[in-house]
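K.L.:
Okay, here's the structure, questions in a sec.
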Amino acid sequence: MITPMRVFVLIFNANTENEGIHTIQVGDRNKILMFESQDDAIRFALMLEAQDFPTPTVETMDAEEIKEFCVSADYDWEIIPENSDLVIPPEINVEETDWQADGQYDDNYEDGLDFDDVPPAEETEFSAAELEKIRRKLEGLL
């Protein structure tokens with residue numbers, strides 16, 4: 001089978017320093033899915049989102065670059081042909097990722113995601129009163 005030049009992959013936190021590519025785990029190996037069809041990639045991304053996974057961005061990439069990355073990272077890859085059977089994400093997702101869902105990157109972060117970490121109010125750009133005013137305006141728009 002000839003590898004297409006351009007494929008579609010799923011990227012989390014696209015265009016940030018905390019960017020991560022979606023992989024699935026098969027045994028103890030990571031595998032990157034390369035979709036020939038953008039529609040199939042979007043469908044897969046929507047299924048991930050339905051599983052409460054952070055929403056990925058579908059990006060067009062050169063298949064050879066992805067393969068080179070896989071070789072350097074010791075990952076596997078699979079090309080998902082257009083008009084093939086519907087690919088469904090695994091029901092169980094990895095609890096710890098190499099990237100953080102909020103897009104913030106911490107060099108000392110090793111223990112996985114902790115969604116209970118909320119920055120103290122004094123680190124925010126707005127006072128509590130300003131945030132409350134903004135919240136009311138946004139609710140008014142609904």
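The values are calculated or read from the model by the stated rules, or taken from the named source; none is laboratory data. Everything numeric here is computed off the predicted structure, so don't read it as measured data. Cβ atoms come from the backbone with ideal geometry, glycine included; neighbour counts cover every protein chain shown. Side chains are part of the model used for accessible areas, which takes the heavy atoms of the whole protein and leaves out ligands, DNA and RNA. Shrake-Rupley method; radii C 1.70, N 1.55, O 1.52, S 1.80 Å.
K.L.:
In this structure, does SER72 turn out to be more than 17 Å from the chain's Cα centre (by Cα), more than 13 Å from VAL9 (Cβ to Cβ) and of a type outside the set (Val, Ile, Thr)?
P.N.:
Values: more than 17 Å from the chain's Cα centre (by Cα): yes; more than 13 Å from VAL9 (Cβ to Cβ): yes; of a type outside the set (Val, Ile, Thr): yes.
In short, yes.
K.L.:
So, in region 55-69, exactly how many residues are open to solvent by 40 Å² or more (accessible area, probe 1.4 Å) and farther than 13 Å from ILE11 by Cα?
P.N.:
4
K.L.:
When the residues of region 73-93 are narrowed to those that are in a loop (DSSP other than H, G, I, E, B) and under 18 Å from ILE21 (Cα atoms), which ends up modelled with the lowest pLDDT?
P.N.:
It comes out as ASN93.
K.L.:
Is it fair to say ASP52 is at pLDDT 90 or above, among the acidic types (Asp, Glu) and open to solvent by 30 Å² or more (accessible area, probe 1.4 Å)? Let's see the steps before the verdict.
P.N.:
On the way: at pLDDT 90 or above: no; among the acidic types (Asp, Glu): yes; open to solvent by 30 Å² or more (accessible area, probe 1.4 Å): yes.
Considered against the rule, which asks whether it is at pLDDT 90 or above, among the acidic types (Asp, Glu) and open to solvent by 30 Å² or more (accessible area, probe 1.4 Å), ASP52 comes out as no.
K.L.:
What do you reckon, is ILE24 touching a Phe, Trp or Tyr at 6+ places or on another chain (Cβ under 9 Å) and buried (at least 16 other Cβ atoms within 10 Å of the Cβ)?
P.N.:
No.
K.L.:
Let me ask something additional. May I ask you to verify whether ILE42 is outside any strand (DSSP E or B), open to solvent by 60 Å² or more (accessible area, probe 1.4 Å) and either under 20 Å from PRO81 (Cα atoms) or not small (Gly, Ala, Ser) (or both)? Steps first, answer last, please.
P.N.:
Working: outside any strand (DSSP E or B): yes; open to solvent by 60 Å² or more (accessible area, probe 1.4 Å): yes; either under 20 Å from PRO81 (Cα atoms) or not small (Gly, Ala, Ser) (or both): yes.
So ILE42 fits the description; yes.
K.L.:
If you scan region 27-39, which residues turn out to be in contact with a helix residue (DSSP H, G or I) (Cβ under 8 Å, 6 or more places away or on another chain) and open to solvent by 20 Å² or more (accessible area, probe 1.4 Å)?
P.N.:
Here is the first cut: in region 27-39, the residues in contact with a helix residue (DSSP H, G or I) (Cβ under 8 Å, 6 or more places away or on another chain) are 30, 32-35.
Hit for region 27-39 is ASN30, nothing else.
K.L.:
Among the numbered criteria (1) surrounded by 12 or more Cβ atoms within 10 Å (Cβ to Cβ); (2) over 20 Å from ALA73 (Cα atoms), which one does MET5 miss?
P.N.:
Going through (1) surrounded by 12 or more Cβ atoms within 10 Å (Cβ to Cβ); (2) over 20 Å from ALA73 (Cα atoms) one by one, MET5 breaks only (1).
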